Amino acid sequence: MMRRNLVIVVTFLTLLLLAACGGNNESDGNSNNEVEVVATINGENIYRSDLHEEALRDYGIDLSDDQNAELAPQLEPMVLSDMIDRHLLVQEAERQNITIDSEEVDVYFEQMKEQASSQLPEGMTFEEALEMDNLTEEMLREDIRSSLKIERLLEFNHLEDDAFIAVSEEEVQDYYDQWAAEDEDLDDYEVLQAPIENYLRQVNFLESLHDNADIETFI
């Protein structure tokens, strides 16, 4: 599909995939990875250990394992791109003073715990599953908070002028046509027009963050 692999629209079902905004994950045990910076975003570092944790969660591939070394040149830049996008969105949400209260985090956490627990192998607890993913409950709560900040940010209520993210009807139609060419079972244009427009507005917003950010990558 032509769409960029952006993690933008945050829903309850995708929160588990949004762990690791970086900087607060447990080490993978490799001291070199702990200190090796693979990117900086407005002065904030992403370490190779963060990158490996993200790859393990999103793709189930342990890039710290020498047996997977041949996958690193292809997978690392892709994972890093997603991490940079999320860092930029969280940074902007914080710059806009978007806050999420603890009660809302608790609601999502309990819903997530209930859903995840129902899907775990028999005998495995939610806490054990988190431990296998190098997460603690507190880390997961912070991931939820960051994800909800992104969701609030992308409602664009903070923008006094949103002309810079505006999308024309022609752009929406072109996007739909390209999508439809790849998926013969796609819903009608009228059904997808609003979601596509919202998605393209989000892409424009993220691109504006990139344009105004100080980003360096080292892989």
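Of note:
- Full extension of the chain between Glu137 and Asp106 gives 10.1 nm of extra length, using 0.36 nm per residue less the Cα-Cα distance.
- Paramagnetic reach from Asp162 in the range 192-215 [backbone N under 15 Å; point 7 Å along Cα→Cβ]: 194-206
- When only alpha carbons are used to place a centre, the range 80-114 and the range 136-168 end up 7 Å from one another.
- Rg then Dmax, both in Å and based on the Cα atoms of the range 81-219: 18.9, 53.
- Convex hull of alpha carbon positions in the range 106-177: directionally averaged projected area 8.1 nm².
- Estimated inter-spin distance, Gln96 and Asp174, nm [label 7 Å along Cα→Cβ]: 2.6 nm
- Every Cα-Cα pair in the range 29-136 was counted, and those over 18 Å apart are 63% of them.
- Three-way shape call for the range 104-148 based on the alpha-carbon gyration tensor, with the a/c threshold at 1.5: oblate
- Rough spin-label spacing in nm, given labels placed 7 Å along Cα→Cβ, for Ser81 and Val191: 2.9 nm
- Treating r as the C-beta distance of Ser118 and Gln67 and R0 as 35 Å, the FRET efficiency rounds to 0.60.
We did not get these values from a lab; they are worked out from the coordinates using the rules stated. Worth saying up front: this structure is predicted, and the values here are computed from it rather than measured. Virtual Cβ from ideal backbone geometry, glycine too; neighbours counted across all protein chains shown.
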